[in-house]
C-alpha cells in the first residue's frame, strides 16, 4: 500500500467536505473493509478494521492492528495514515491523537476523526451493460426545459448511456447541456447526481420498430454515497457477466 499512499495523499484527491468524508468512513466501517495502517516511522504496514465512526464526537475507533505492536510504540507513531480499497476506489485518511481504549471488552485504538479523507481512482471508470430490471426509468431534469425520460443502457460511476424517445420536451437536448439532476433507481435505491449531456448519437431503430436516441450523460457532481453505490453495482455486474449469468 505504500505505493498507493505516495499518490493518494495530495490535495487533488482530497474530499471537499467533512460530511462526505463521514459517509465514506461509515460505509467502510459497515462493510468491515480491511485497512492498511501506515504509522509514521513504521517499517511495514499494519492491518486493521475500522469498527466505529462518530463524526459528531470527533473520533473513530480501529481494531488493534496486526502484526502486534507495543501500545507505547504504536502511540508514538503519529500521525497515522490509513489506506483501504473500497468499491473499486482507494480511500486514504490521516489521523492523530491516538489512545488505546477498552471497546466492548477488547482493546482498540481510538483517534481523532480524520482531518482529511482522500479518493484515488486507479483507472478510468469502466462501464457495464445493466441488467434488465436493475435500473429504473431515468429522468433528466433540465434547466428551463421539460424533463426527458429514458432507459439506461450501460452505466459507470462516471456516467451512463441511455436511450430516449425523440421529440420529448419543449426543446431538444443539446451536446454539452448542463442537467440540474439525473435521477434513477439502482436495485431499488433512489440515486441522483448533477450531470451534463456528453454526446447525442444518431437515432436507432430497435427490433420492436421503435426509434430511440442514444444519449451519453456524464455525472459532474455526485456524492460519495452515489459513487460508492454505482461502483459496487458495476463491480458486481462485471463479475456476473464474467461468470456467464
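The values are calculated or read from the model by the stated rules, or taken from the named source; none is laboratory data. The structure displayed is predicted, hence computed values, not measured ones. Cβ placement follows ideal geometry from the backbone for every residue including glycine, while neighbour counts extend to all protein chains displayed.
Structure notes:
- Of all residues assigned to segment 216-223, at least one qualifies as being buried (at least 19 other Cβ atoms within 10 Å of the Cβ) and within 20 Å of residue 131 (Cβ to Cβ).
- Residues in segment 157-173 that are surrounded by fewer than 17 Cβ atoms within 10 Å (Cβ to Cβ) and either touching a helix residue (DSSP H, G or I) at 6+ places or on another chain (Cβ under 7 Å) or touching a residue at least 24 places away in the same chain (Cβ under 8 Å) (or both): 165, 166, 169, 170, 171.
- Unique match (being surrounded by 13 or more Cβ atoms within 10 Å (Cβ to Cβ), in contact with a helix residue (DSSP H, G or I) (Cβ under 8 Å, 6 or more places away or on another chain) and on the phi < 0 side of the Ramachandran plot) among 52, 108: 52
- With a requirement of 3 or more residues that are under 21 Å from the mean Cα position of the chain (by Cα), the strands (runs of 3 or more DSSP E) lying completely within segment 131-180 that satisfy it span 148-156, 159-164.
- Filter pass, residue 84 being closer than 17 Å to residue 102 by Cβ and either outside the structural domain of residue 226 (by TED's automatic domain parsing) or more than 25 Å from the chain's Cα centre (by Cα) (or both): no
- Checking every residue in segment 97-112 against the condition of being over 30 Å from residue 236 (Cα atoms) and at pLDDT below 85 gives zero matches.
- Restricting attention to segment 58-84, the residues that are touching a residue at least 40 places away in the same chain (Cβ under 8 Å) and either surrounded by fewer than 17 Cβ atoms within 10 Å (Cβ to Cβ) or on the phi > 0 side of the Ramachandran plot (or both) total 1.
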